[in-house]
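Colleague: First the structure, which I've put down as structure tokens, then a few questions once you've had a look.
The values are calculated or read from the model by the stated rules, or taken from the named source; none is laboratory data. This is a predicted model, so every value here is computed, not measured. No Cβ is skipped: glycine too gets one built from the backbone with ideal geometry, and neighbour counts run over all protein chains shown.
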Amino acid sequence: MKKFIFILFIILISTNHKVNALENKILIKINNNIVTSVDIFNEVNYLALSNKNFKELENFKTLQIAKNSLIKQNIQEIELLKNFKELKIDENYYNKLITNYYNNLGFNTYEEFLKYIKNNNVDVNIIKKKIIIEVLWNQLIYRKFSSNVRIDKEEIKKNLSKNDKINEYLLSEILFITEKKEDLKFKLNEIKNTIKTEGFAKAALVHSISDTAKNSGELGWIKENYISNKILNELKKIKINEYTNPIKVPGGFLLLKINDVNEVKREINLEKETNLIVRKKTNDQLKQFSNIYFNKIKKNIIINEI
């Protein structure tokens, strides 16, 4: 790790942050895949596109996050190539996804978006590959685990009928794992120190293994009837701007921060609301299966830092 960071800092200082001036060194081998110094800096630029918190982190932290992000991407790619003939999705579907991507960044046209990412030293093909891997990974997880999803639709309807007003929470998350049970206290203290000194959003960037990490752990507004009883009980113990104790979930431990709370009217259309909750809970369970599956396959991957 120290050697990896040292090499990157030497390159960083010698090139004044210009990626096209980098000496392209192999830094990591993931089975037969390689990650180079140029890959790392391309990833830093990509992660900085839409996250102001990422730009404010110290250089060594941005390098570590970029490294971990590329390791995860390469592990997923290795696994996907065992299950798909090629890493490719329908072009029309890709066009919809890339449009959503640049709209979320605040751009109305593809041309404006291309100009922006070029000015920030990001190749659109890097973004395209990430979108494709995410889509295929989700397809793989659905194919493997959709039959394991367990949701009681009638119970959801019953709960919905009890109240016409409910709370919704503006949440952020940090999902983390520990190799050994005894490491939990150490890891938790490490996360808490980052939260104390830099805030929850930056701690999510640094420590969370969830896909939401790239968005500083933001989950957005979630109605309480979309949340499991186990997690909701923990949320009810804390106030706005506080975060929960670690919640054991499939795939790791979860910290949730309440950024705000609103009371809202329940959806009048019971069937529609029920279906929305079923979809959300299905996605949550598949996300948990995804984390478990990724952690499992990672154990069989050889990762060597040069």
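Colleague: When residues of region 98-122 are filtered for being among the hydrophobic types (A, V, I, L, M, F, W, C) and not in a helix (DSSP H, G or I), how many remain?
Modeller: Qualifying residue count, region 98-122: 3.
Colleague: Right, another one. Condition (residue is assigned by TED's automatic domain parsing to the domain that holds Asp90, farther than 30 Å from Asn45 by Cβ and of a type in the set (Phe, Trp, Tyr)) applied to region 133-144: is it met by at least one residue?
Modeller: yes
Colleague: Applying the selection to region 137-196, what residues are of a type in the set (D, E, K, R), loosely packed, with under 14 Cβ neighbours inside 10 Å and under 23 Å from Lys280 (Cβ atoms)?
Modeller: Of everything in region 137-196, those that are of a type in the set (D, E, K, R), loosely packed, with under 14 Cβ neighbours inside 10 Å and under 23 Å from Lys280 (Cβ atoms) turn out to be Arg143, Arg150, Asp152, Lys153, Glu154, Glu155, Lys158, Lys162, Asp164, Lys165.
Colleague: OK, next. Considering only residues that are surrounded by 14 or more Cβ atoms within 10 Å (Cβ to Cβ), in contact (Cβ under 8 Å) with a residue 24 or more places away in the chain, hydroxyl-bearing (Ser, Thr, Tyr) and more than 19 Å from Ile40 (Cβ to Cβ), which ones fall in region 69-101?
Modeller: Once the filter is applied, which keeps residues that are surrounded by 14 or more Cβ atoms within 10 Å (Cβ to Cβ), in contact (Cβ under 8 Å) with a residue 24 or more places away in the chain, hydroxyl-bearing (Ser, Thr, Tyr) and more than 19 Å from Ile40 (Cβ to Cβ), region 69-101 yields Tyr94, Tyr101.
Colleague: Hey, another quick one. Return the residue satisfying two criteria in turn: it lies in region 172-210 and is in a helix (DSSP H, G or I) and among the acidic types (Asp, Glu), and of such residues it is farthest from the chain's Cα centre (by Cα).
Modeller: Glu182
Colleague: Please verify whether Val44 is closer than 22 Å to Ala213 by Cα, outside the structural domain of Thr194 (by TED's automatic domain parsing), within 20 Å of the chain's Cα centre (by Cα) and not in a helix (DSSP H, G or I), treating the condition exactly as stated.
Modeller: So Val44 does not fit the description; no.
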